[in-house]
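The structure appears below as structure tokens.
The values are calculated or read from the model by the stated rules, or taken from the named source; none is laboratory data. On a predicted model such as this, the values are computed, not experimentally measured, just so you know. Glycine also receives a Cβ, built like all others from the backbone with ideal geometry; neighbour counts cover every protein chain displayed.
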Amino acid sequence: MKAILQLIIITIFSIHVIGQKVNDSTAEKQSLDKATAAILSNSIYSQSSNKEFEGVITYKTTIVPKNKHLDLDELYKIFGKERQFYFKAGKFKWVPQNVKLEYEIYNPAIYNSFIIDKFHTSDTLFYKDMSKIPDSVISVKKSKQLTILNIPCSSAIFTVTNEREPNSKLFRTIYYPTDSLKYVNSYFDNFKAMGQGFIARYTNAIPLRMELDSKEQPFSIIYEATNIQWKELADSEFLVDEKLPVKK
């Protein structure tokens, strides 16, 4: 029996939905293997109030299946169970653990609006222009408050759609600190993918929890911060090896 397996490839500031037709568990495993997640010491809370965040946040990943036949082990091989998010002045880097993705970088000062992915299995750098993806936020609904790592967070549910697939909606529930982990909210104005420019201006803070769901998806996924480390990061942390081959 054929089914549509749509995998959410997520970073803290981008979500791409990929559709794959699968006929059986073997084909499903192959589809999962072709996809990968690109997707995001505790700090003293008081230091964060009026200071832009620079440092590293560790997130745990939780996958919630909607289908009892889903292979969670295969999904965790894609998304991993933990990842680090490096952030400095509008630049970010994701480093997931124990998955095929080695890192993902966004550095608009150097690479314009491109996300760059590097995989352990390839020496090629994969570029994707986040300003060219026709996504938009069509509704915002305030949600519950939550305290994460002793930091009070507000939340909102953002409904995102793509003009090429207007009937397909993705729901992003973002929990963000109310008065900490701030950044200049214009950093992501050119990051159109999944309405992130809009969301960044709305939250104006690094999210500490992200819930992602869609009616078309066979699972939902949650990223929640487990550790925040304020530290100075070198600019070289957000550079790629330009000698490597590039695919756009």
Exercise. Out of curiosity, is Y111 surrounded by 17 or more Cβ atoms within 10 Å (Cβ to Cβ) and more than 20 Å from I199 (Cα to Cα)?
Worked result: yes
Exercise. Given the conditions (1) more than 23 Å from N162 (Cα to Cα); (2) in contact with a helix residue (DSSP H, G or I) (Cβ under 9 Å, 6 or more places away or on another chain), which single one is not true for K132?
Worked result: (1)
Problem set entry | segment 119-150: number of residues that are within 21 Å of Y223 (Cα to Cα) and not hydrophobic (A, V, I, L, M, F, W, C) | 7
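Please tell me if F92 is modelled with pLDDT of 95 or more and touching a helix residue (DSSP H, G or I) at 6+ places or on another chain (Cβ under 6 Å).
Judged against the criteria, F92 is not a match.
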Seminar exercise, completed: So the strands (runs of 3 or more DSSP E) completely within segment 130-188 holding 1 or more residues that are closer than 30 Å to A109 by Cα and in contact with an Asp or Glu (Cβ under 9 Å, 6 or more places away or on another chain) are 135-142, 151-162, 165-177
Problem set entry | Lone unmet requirement of (1) assigned to a helix (DSSP H, G or I); (2) surrounded by 19 or more Cβ atoms within 10 Å (Cβ to Cβ); (3) among the charged types (D, E, K, R) for R201 | (2)
Exercise. Could you list, in sequence order, the residues of segment 210-224 that are of a type outside the set (D, E), buried (at least 19 other Cβ atoms within 10 Å of the Cβ) and not in a loop (DSSP other than H, G, I, E, B)?
Worked result: M210, L212, F219, I221, Y223
Problem set entry | In segment 193-213, the residues that are out of contact with any strand residue (DSSP E or B) (no Cβ under 6 Å at 6 or more places or on another chain) and over 21 Å from V56 (Cβ atoms) | G197, R201, Y202
For this session: Return only the number of the condition from (1) among the hydrophobic types (A, V, I, L, M, F, W, C); (2) touching a Gly at 6+ places or on another chain (Cβ under 8 Å); (3) at pLDDT 95 or above; (4) under 24 Å from K247 (Cα atoms) that V137 does not satisfy.
Result: (4)
Seminar exercise, completed: Of the conditions (1) surrounded by fewer than 16 Cβ atoms within 10 Å (Cβ to Cβ); (2) closer than 25 Å to G80 by Cβ, the single one that G195 does not satisfy is (1)
Exercise. Looking at segment 61-80, which of its residues are closer than 20 Å to I148 by Cα and surrounded by 15 or more Cβ atoms within 10 Å (Cβ to Cβ)?
Worked result: T61, I63
